[in-house]
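**Student:** Would you mind keeping the following structure in view while I ask a few things?
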Amino acid sequence: MYCKINLQEYLVKTRCGMVSVALFGDQDKPALVTYPDLALNHISCFQGLFFSPEVNSFLLHNFCIYHISPPGHEVGAAPIGSDDLMPSVDDLADQVLEVLNFFGLGSVMCMGVAAGAYVLTLFAMKYRQRVLGLILVSPLCRAPSWTEWLVNKVMSNLLYFYGMCGVVKELLLKRYFSQEVRGSVEEPESDIVQACRRLLDERQSISVQQFLEAMNGRRDLSEGLRKLHCRSLIFVGENSPFHSEALHMTSKLDRRYSALVEVQACGSIVTEEQPHAMLIPLEYFLTGFGLYRPSPRSFFHRKAWA
């Protein structure tokens, strides 16, 4: 299981501050870099995917995983001052480059969710030679709409003055998950939503507010997407508030190198809500890079000798 793989945690000094990286696996293998959505980290955004035994065995068989957390989003993050430098989306993309250089990595596979997908797409556009492929979940690629901008401003002000209050948590959970798992008067919240709600209480509100402000000031990447010649695989939940954004991004990418998977009855965070829906598309996608899934027998044999 994923939780039994040795975890190494690093704090990498960058031009715009410290960045936390959680590393899983054999560093001699190709690198898979992940970046989570707003207010999440690798535990709350990718745990469902990597706890899925089949996906876990497939990815860890082929990759060493480098989970990058947005500044101040890691577990046990120290509070930052409200007057500290607020990174832009370009600063966040440049931090990814600095993390790769710190570990001596060349070209990497990237997996990002929502805001994290935007950061990694921007990174791929700025540093094309460093990206083998993009796995994007409910990605953003345009500047925020007026509706998104207004909701983000409300959240930003609430975070600044009241911290991670109930209203902010409800807005974030609506961003992440479909109504089916968020529950209703008749149906209780699912376990994944309850767990996410608890984990949001651990976030430093100023760190979340700064990431939110960076994303609220993002620019439209649409015109540069066709110049991306790395292979791209996009997942999006049909109930995600970013569904139309993913369709737009797919239309702008070169169809020879990209594919879209729409996941039914799912919100934005497919990695948590329906991680099993990602397995077969990931297998087909990564087979194009010469990677493969180990047989259950070979994986069991390897664990027995670990």
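The values are calculated or read from the model by the stated rules, or taken from the named source; none is laboratory data. Just so you know, these numbers come straight off a predicted model, no measurement behind them. Reconstructed Cβ throughout: ideal geometry from the backbone, glycine too, with neighbour counts over all protein chains shown. Note: areas computed on protein heavy atoms with side chains; ligands, DNA, RNA excluded. Shrake-Rupley method; radii C 1.70, N 1.55, O 1.52, S 1.80 Å.
**Student:** Go through (1) among the hydroxyl-bearing types (Ser, Thr, Tyr); (2) in a strand (DSSP E or B); (3) exposed (fewer than 15 other Cβ atoms within 10 Å of the Cβ) and name the single condition Ser251 misses.
**Tutor:** (2)
**Student:** A further question follows. Could you list, in sequence order, all residues of the stretch 269-291 that are touching a residue at least 60 places away in the same chain (Cβ under 8 Å), under 25 Å from Tyr176 (Cα atoms) and surrounded by fewer than 19 Cβ atoms within 10 Å (Cβ to Cβ)?
**Tutor:** His276, Leu279, Glu283
**Student:** When both residues are 6+ apart or on different chains and their Cβ atoms are under 6 Å apart, which pairs have a first residue that lies in the stretch 184-204 and is over 13 Å from Glu74 (Cα atoms) and touching a residue at least 40 places away in the same chain (Cβ under 8 Å), and a second that is open to solvent by less than 40 Å² (accessible area, probe 1.4 Å) and assigned to a helix (DSSP H, G or I)?
**Tutor:** Close Cβ pairs (under 6 Å, with a partner that is open to solvent by less than 40 Å² (accessible area, probe 1.4 Å) and assigned to a helix (DSSP H, G or I)) amount to Ile192/Glu272; Cys196/Ser44.
Condition check ((1) modelled with pLDDT of 95 or more; (2) touching a Ser or Thr at 6+ places or on another chain (Cβ under 7 Å); (3) open to solvent by less than 40 Å² (accessible area, probe 1.4 Å); (4) outside any helix (DSSP H, G or I)) across all residues:
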site: Ile206; (1), (2), (3), (4): no, yes, yes, no
site: Phe211; (1), (2), (3), (4): yes, no, yes, no
site: Ser232; (1), (2), (3), (4): yes, yes, yes, yes
site: Leu247; (1), (2), (3), (4): yes, no, no, no
site: Glu262; (1), (2), (3), (4): yes, no, no, yes
site: His301; (1), (2), (3), (4): no, no, no, no
site: Ala304; (1), (2), (3), (4): no, no, no, no
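**Student:** Kindly list, by first and then second residue, each pair from a residue in the stretch 238-261 that is free of Cβ contacts under 8 Å to residues at least 24 places away in the same chain to a residue that is crowded, with 16+ Cβ neighbours inside 10 Å, limited to pairs with Cβ atoms under 8 Å and residues at least 6 apart or on different chains.
**Tutor:** Once the first residue is free of Cβ contacts under 8 Å to residues at least 24 places away in the same chain and sits in the stretch 238-261, its partners that are crowded, with 16+ Cβ neighbours inside 10 Å give Leu247/Val236; Leu247/Leu260; Thr250/Ile234; Thr250/Ser258; Thr250/Leu260.
**Student:** Residues to consider are Val89, Val96, Val113; find the one that is in contact with a Ser or Thr (Cβ under 8 Å, 6 or more places away or on another chain) and among the hydrophobic types (A, V, I, L, M, F, W, C).
**Tutor:** Being in contact with a Ser or Thr (Cβ under 8 Å, 6 or more places away or on another chain) and among the hydrophobic types (A, V, I, L, M, F, W, C) holds for just one of Val89, Val96, Val113, which is Val113.
**Student:** Here's something else I'd like to know. Enumerate the pairs (first residue in the stretch 144-173 and farther than 17 Å from Asp201 by Cα and free of Cβ contacts under 8 Å to residues at least 24 places away in the same chain; second residue anywhere and part of a helix (DSSP H, G or I) and of a type outside the set (Val, Ile, Thr)) with beta-carbon separation below 7 Å, excluding pairs fewer than 6 apart on the same chain, so at least 6 apart or on different chains.
**Tutor:** Matching pairs, first to second residue: Val151/Leu171.
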